[in-house]
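Okay, structure first, notes after.
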Amino acid sequence: MPFSACRRPAGLPTRYRSKARRLRECLARIRRDSGRYQIIRRTETQYEPGSRRRVLGNLLGIRSAREMDRVEQRELIRTTKWALRHYRRDHRFTAQDLCDLHRRWLGGVYPWAGYYRQVNVSKGGFPFAAASLIPMLMNEFELDTLGRHTPMESHHRALCTVALAETHTEFLLIHPFREGNGRMARLLAILMCWQAGLRAPAFEDMLERRTAEYFAAVRAGLDRNYDPMRALFSEMVCGDEA
């Protein structure tokens, strides 16, 4: 169920019950490991001493925002290359895959990399999903959105842009990690396009020129309106005008 739907389904189909059982087991482990998660929560709220609250507490002692951007970008390129070698084109992505990718990307930088965030976050006054709901929402994101749209095999570009728009928007609305959600969403879109044999979306140009339009498209997803994001992907992937 998408985060934007804001309601629970009446019941799960039989084929999803085993995954629901795994979610309950995951939540039980979280309760057993509550001490470890309290530590993660504390580190998520800390800034690196001497960074003037511009850099989150990290394992490398980096205090410069520019240096952190450089390190994160270098590691993201490395992780993207690894993912394109590691996954098959017929792979159905899971929530655990996204946690693993996040840990592979930022595991050497932040102690909470690969874990769902334990703090509530917002951007520009726009609140993302409450931290307490993230395990449930990501499980439903896997069963519904990822289950329907990956592997993205269609060679019909219009159908691909619909799949990309919904997946991208719903992941951003959940915002499961403390840092790097936008880049994780873009990495997933790159992998989905690779599965379908499409060119990688030109996110850099779009974000530089049309940032306000992009964030408006994310907000439109709250009403399950993916058309604004679909129009952006249509331009990035297909070169079509909105």
Residue that is farthest from T145 (Cα to Cα), among those in segment 77-122 that are of a type in the set (V, I, T) and either in contact with a helix residue (DSSP H, G or I) (Cβ under 9 Å, 6 or more places away or on another chain) or surrounded by 13 or more Cβ atoms within 10 Å (Cβ to Cβ) (or both): V109
Matching residues, segment 72-114, being closer than 14 Å to R186 by Cα, of a type in the set (V, I, T) and touching a residue at least 12 places away in the same chain (Cβ under 8 Å): T79, T80
Positions within segment 134-157 being in a helix (DSSP H, G or I) and touching a residue at least 60 places away in the same chain (Cβ under 8 Å), in sequence order: P135, M136, L137, N139, E140, F141, E142, L143, D144, T145, R157
One residue from E153, E142, E179 being out of contact with any Gly (no Cβ under 7 Å at 6 or more places or on another chain), of a type in the set (D, E) and surrounded by fewer than 17 Cβ atoms within 10 Å (Cβ to Cβ): E153
Any hit, segment 230-238, residues being over 21 Å from V119 (Cβ atoms), not in a helix (DSSP H, G or I) and not hydrophobic (A, V, I, L, M, F, W, C): no
Residue pairs meeting the criteria (Cβ under 8 Å; at least 6 apart or on separate chains; first in contact (Cβ under 8 Å) with a residue 60 or more places away in the chain and on the phi > 0 side of the Ramachandran plot, in segment 224-235; second part of a helix (DSSP H, G or I) and of a type in the set (G, A, S)): R224/S4; R224/A5
Segment 103-158, residues that are of a type in the set (F, W, Y) and either closer than 28 Å to L59 by Cα or within 15 Å of the chain's Cα centre (by Cα) (or both): W105, Y110, W112, Y115, Y116, F128, F141
Residue match in segment 226-237 (condition: at pLDDT 95 or above and among the polar types (S, T, N, Q)): no
Of the criteria (1) in contact with a helix residue (DSSP H, G or I) (Cβ under 7 Å, 6 or more places away or on another chain); (2) part of a helix (DSSP H, G or I); (3) surrounded by fewer than 20 Cβ atoms within 10 Å (Cβ to Cβ), which one G221 fails: (3)
Boolean, A28 is touching a Leu at 6+ places or on another chain (Cβ under 7 Å) and either exposed (fewer than 14 other Cβ atoms within 10 Å of the Cβ) or modelled with pLDDT under 95 (or both): no
Residue within segment 82-99 that is of a type in the set (D, E, K, R) and under 12 Å from the mean Cα position of the chain (by Cα) present: yes
Residue that is at pLDDT 95 or above, of a type in the set (D, E, K, R) and not in a helix (DSSP H, G or I), where the choices are R88, R66: R88
Selection within segment 153-189 - among the aliphatic types (A, V, I, L, M) and either more than 22 Å from A202 (Cβ to Cβ) or at pLDDT below 95 (or both): A158, L159, L173, I174
Those residues of segment 190-206 which are surrounded by fewer than 14 Cβ atoms within 10 Å (Cβ to Cβ) and either assigned to a loop (DSSP other than H, G, I, E, B) or within 18 Å of the chain's Cα centre (by Cα) (or both), in sequence order: G197, R199, A202, E204
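The values are calculated or read from the model by the stated rules, or taken from the named source; none is laboratory data. What you are looking at is a predicted structure, and each value in this text was computed from that prediction instead of being measured. As a convention, Cβ positions derive from the backbone with ideal geometry for all residues, glycine included, and neighbour counts pool all protein chains shown.
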